[in-house]
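Before any comments, here is the structure.
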Amino acid sequence: MPFISTEIRERCSECGACVSNCTFLTRHGTPRAVAAARDFSDPKDRGMAYECSLCGLCAAVCPEGLDPCALFLEVRRHDVASGTFDARPYRSILNYETLGRSRLFSRYELPEGCDTVFFPGCALPGTRPTVTSRLYRQLRQHVPSLGIVLTCCAKPSHDLGRTVHFRTAFERVLARFAAGGVKTVLTACPNCTRMFRQYGRGLSVLTVYEILNRHGVTETVAPGGGEISVHDPCPLRDHPEAHSAVRGLLTDLGYTQVEMPHRKKTTLCCGEGGAVGCIQPRNSRGWAELRRQESEGRPLVTYCAGCVHFLGQVTPTVHILDLIFRANGTPDKDFPVSKGPLTYLNRLLLKLRLMAMSVSGE
Ligand code: SF4
Ligand code: SF4
């Protein structure tokens, strides 16, 4: 029985603040009611933990300082440790992670004197290889000895409670960094950012948005304009520097920002969180639908490829890096991105391009 369950049963006042904000708790009741009604040592009662998006909004709004999100992650971990986890619904996302970590798709480019690396994650290079290259080129103007690392941070395993898988994969990355003298990681993906901030053991972690906002963007291809709203990705709800940087970049691009009720620390999940879409697509879509309502018809700008994918199914949503580095779209008209098997091909081609650049000393 996870110990957090006891704490929540004892301390949750059932104020309802988390319930009113959450599509999952709206169906199941307050965390206290959930914990009281279930015996998490019984595999049958553990299934509901996979319906939680692990977005952390409940902890952000709880006046008692409780963290119901941690309870549901702990139940997942307990399920895996007990050998009752059913991986079948998650095959595709786990294969995605395994391939991302494989020798075929991984690459560590650590030039002489490099102590800082760009870690673009999996989704950005797969869906937007040209944007990734342009971003890397831009970052190198600010950090000349910048390296780049293509691999997966293993957050899917983390969120599914596969602690041993996650730790093994993540430790491997940290060991390569330590051997190469890497001390700072520049991240584009909110999920990777969260993993490095939480488990990076002293690594300095900065988002690329902070770097671009601090040093300026010389590669901007098209100035923008008009009203937009920023959707802050939930893994970065506790990262105010990223919130400010993205808003600063959008101001510089010429956009007028209208804030939504749920933003920054109290931002909403886009629907991707916790791999809920693999088992409860309707619940997952419910989050995106909330966002659509809050945007009141304005295009959404976000800084996570996964959020663009999920929110884009219900309302126009663009990645800020598309606005900066691509000329063929506007916030109210999606920029076309690669999907499916093509994303794997893009990652391989990007890796080959990096190897060629390394050989030519470019
Ligand atoms: S983590 Fe998100 S989805 Fe899960 S209970 Fe909290 S608010 Fe709801
Ligand atoms: S916000 Fe905190 S105290 Fe209120 S119902 Fe949720 S967990 Fe309980």
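The values are calculated or read from the model by the stated rules, or taken from the named source; none is laboratory data. The shown structure was predicted, so the numbers you read here are calculated from the model rather than taken from an experiment. A quick note on method: Cβ atoms are made from the backbone with ideal geometry, for glycine too, and the neighbour counts reach across all protein chains shown. The accessibility values were calculated without ligands, DNA or RNA, using every heavy atom of the protein model including side chains. Shrake-Rupley method; radii C 1.70, N 1.55, O 1.52, S 1.80 Å.
Go through the stretch 249-271 residue by residue and tally those that are in contact (Cβ under 8 Å) with a residue 60 or more places away in the chain and part of a loop (DSSP other than H, G, I, E, B). Break it down into steps so the answer makes sense when it comes.
First, pick out the residues of the stretch 249-271 that are in contact (Cβ under 8 Å) with a residue 60 or more places away in the chain: 249-250, 253, 255, 262, 265-269, 271.
Imposing the further condition that a residue be part of a loop (DSSP other than H, G, I, E, B) reduces the set to 262, 267-269, 271.
Of the residues in that region, 5 qualify.
Can you pull out every residue in the stretch 20-37 that is within 14 Å of ligand 1 (Cβ to nearest atom) and surrounded by fewer than 21 Cβ atoms within 10 Å (Cβ to Cβ)? Explain how you work it out, then say what you get.
As a first pass, look at the stretch 20-37 and keep what is within 14 Å of ligand 1 (Cβ to nearest atom): 20-35.
Of everything in the stretch 20-37, those that are within 14 Å of ligand 1 (Cβ to nearest atom) and surrounded by fewer than 21 Cβ atoms within 10 Å (Cβ to Cβ) turn out to be SER20, ASN21, THR26, ARG27, HIS28, GLY29, THR30, ARG32, ALA33.
Looking at this structure, is THR6 more than 12 Å from ligand 1 (Cβ to nearest atom), part of a helix (DSSP H, G or I) and among the hydroxyl-bearing types (Ser, Thr, Tyr)? Write out each step before concluding.
On the way: more than 12 Å from ligand 1 (Cβ to nearest atom): yes; part of a helix (DSSP H, G or I): yes; among the hydroxyl-bearing types (Ser, Thr, Tyr): yes.
Yes: the conditions hold for THR6.
Table: residues versus (1) under 22 Å from PHE119 (Cβ atoms); (2) assigned to a strand (DSSP E or B); (3) open to solvent by 30 Å² or more (accessible area, probe 1.4 Å); (4) touching a Ser or Thr at 6+ places or on another chain (Cβ under 8 Å).
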| site | (1), (2), (3), (4) |
| --- | --- |
| ALA175 | yes, no, yes, no |
| ALA179 | yes, no, yes, no |
| GLU210 | yes, no, no, no |
| HIS243 | yes, no, no, no |
| ARG247 | no, no, no, no |
What are the residue pairs meeting all of these: first residue in the stretch 221-243, first residue more than 21 Å from PRO316 (Cα to Cα) and in the same structural domain as GLN293 (by TED's automatic domain parsing), second residue open to solvent by less than 10 Å² (accessible area, probe 1.4 Å) and charged (D, E, K, R), Cβ atoms under 8 Å, and 6 or more apart or on different chains? ALA242/ASP232
Could you say which residue among TYR90, TYR96 is open to solvent by 50 Å² or more (accessible area, probe 1.4 Å), closer than 19 Å to GLY273 by Cβ and not in a loop (DSSP other than H, G, I, E, B)? TYR96
What are the pairs with Cβ atoms under 6 angstrom where one residue, in the stretch 38-55, is in the same structural domain as PRO156 (by TED's automatic domain parsing) and at pLDDT below 95 and the other, located anywhere, is part of a loop (DSSP other than H, G, I, E, B) and aromatic (Phe, Trp, Tyr)? Sequence gap at least six, or different chains. none
Which pairs turn up if I take residues in the stretch 139-167 that are in the same structural domain as SER106 (by TED's automatic domain parsing) and look for partners that are open to solvent by 20 Å² or more (accessible area, probe 1.4 Å) and among the acidic types (Asp, Glu) with beta carbon separation below 6 Å, at least 6 apart in sequence or on another chain? GLY147/GLU109; ILE148/GLU109
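Any chance the stretch 43-64 includes a residue that's of a type in the set (Gly, Ala, Ser) and open to solvent by 60 Å² or more (accessible area, probe 1.4 Å)? First the steps, then the outcome.
Restricting attention to the stretch 43-64, the residues satisfying the condition of being of a type in the set (Gly, Ala, Ser) are 47, 49, 53, 56, 59-60.
Those left that are additionally open to solvent by 60 Å² or more (accessible area, probe 1.4 Å): none.
For the stretch 43-64, residues of a type in the set (Gly, Ala, Ser) and open to solvent by 60 Å² or more (accessible area, probe 1.4 Å): absent.
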